[in-house]
Amino acid sequence: MLNIGRHAALIAICLMLSSHALGKPAPDLSNASYDDILSYCQAHPDNRIGGAAIGDCLGEQTEQLEHLLQSRQTELLSTQCPAVILQAMIAQQQWQSYRTSQCGLYRAMFDNTTMYNNSQACRLQLTLDYRQQIDFLARYKPEDPLPCNSSP
């Protein structure tokens, strides 16, 4: 009887330790804040070694967020005229170019691990800003799109 109690206690301790070792669950990128994503990356067991691992995690989260935003924008614009869709594609390309240039400054100043992590944090922050713009577009999108011959 005493043996079963010890085994149960040992199993409970192992489960608590293993759930702690797994870190936080991945944040919901549709509404996660910068701090939520950073905390997730810092708490993930693979990143406890420090160095560029945090930057890699921020980069992965940014790529996933950007994919989510591209899908959402495509859905939002699915009923719009080709001219509106083209304008959105051009705006997105220009934003990506801006983000690449702006966040590249960190690595251009000094190419080390800290600046790599800062450049990835910059990419995440600007992508979160872009998410706000997509949210704004979704909030104010007209119910009925303009006829195609009236589009910009």
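The values are calculated or read from the model by the stated rules, or taken from the named source; none is laboratory data. These figures come from a predicted structure and were not determined experimentally. Note that we place each Cβ from the backbone using ideal geometry, even for glycine, and neighbour counts take in every protein chain shown.
Could you tell me whether any residue of the range 78-90 is surrounded by 13 or more Cβ atoms within 10 Å (Cβ to Cβ), in contact with a Ser or Thr (Cβ under 8 Å, 6 or more places away or on another chain) and assigned to a helix (DSSP H, G or I)? Within the range 78-90 (the criterion being surrounded by 13 or more Cβ atoms within 10 Å (Cβ to Cβ), in contact with a Ser or Thr (Cβ under 8 Å, 6 or more places away or on another chain) and assigned to a helix (DSSP H, G or I)), the answer is yes, since at least one residue qualifies. Within the range 58-72, the set of residues being touching a residue at least 24 places away in the same chain (Cβ under 8 Å), within 27 Å of TYR106 (Cβ to Cβ) and of a type outside the set (Gly, Ala, Ser) comprises LEU58, GLN61, THR62, GLN64, LEU65, GLU66, LEU68, LEU69.
Across the range 87-123, what is the total count of residues that are of a type in the set (Phe, Trp, Tyr) and closer than 22 Å to THR74 by Cα? Walk me through how you get there before you give the answer.
Of the residues in the range 87-123, the ones of a type in the set (Phe, Trp, Tyr) are 95, 98, 106, 110, 116.
Restricting the remaining residues to those that are closer than 22 Å to THR74 by Cα gives 95, 98.
Counting residues in the range 87-123 that are of a type in the set (Phe, Trp, Tyr) and closer than 22 Å to THR74 by Cα gives 2.
Exactly one residue out of ILE37, ILE49 is outside any helix (DSSP H, G or I), over 30 Å from CYS148 (Cβ atoms) and either out of contact with any His (no Cβ under 6 Å at 6 or more places or on another chain) or touching a residue at least 60 places away in the same chain (Cβ under 8 Å) (or both), and it is ILE49. Among the residues examined, ILE49 does not qualify as out of contact with any strand residue (DSSP E or B) (no Cβ under 8 Å at 6 or more places or on another chain), modelled with pLDDT of 95 or more, exposed (fewer than 12 other Cβ atoms within 10 Å of the Cβ) and among the hydrophobic types (A, V, I, L, M, F, W, C).
Pairing each residue of the range 126-150 that is touching a residue at least 60 places away in the same chain (Cβ under 8 Å) with any residue that is exposed (fewer than 14 other Cβ atoms within 10 Å of the Cβ) and outside any helix (DSSP H, G or I), provided the two are 6+ apart or on different chains, yields C-beta distances under 7 Å for PRO145/THR79.
You will find that of SER71, SER119, the residue that is assigned to a helix (DSSP H, G or I) and loosely packed, with under 14 Cβ neighbours inside 10 Å is SER71 and no other.
Residue count for the range 90-113 under the criterion of being over 21 Å from ALA52 (Cβ atoms) and within 17 Å of the chain's Cα centre (by Cα): the result is 3.
The single condition from (1) without any contact (Cβ under 8 Å) to a residue 40 or more places away in the chain; (2) in contact with a helix residue (DSSP H, G or I) (Cβ under 7 Å, 6 or more places away or on another chain); (3) surrounded by 12 or more Cβ atoms within 10 Å (Cβ to Cβ) that GLN96 fails is (2).
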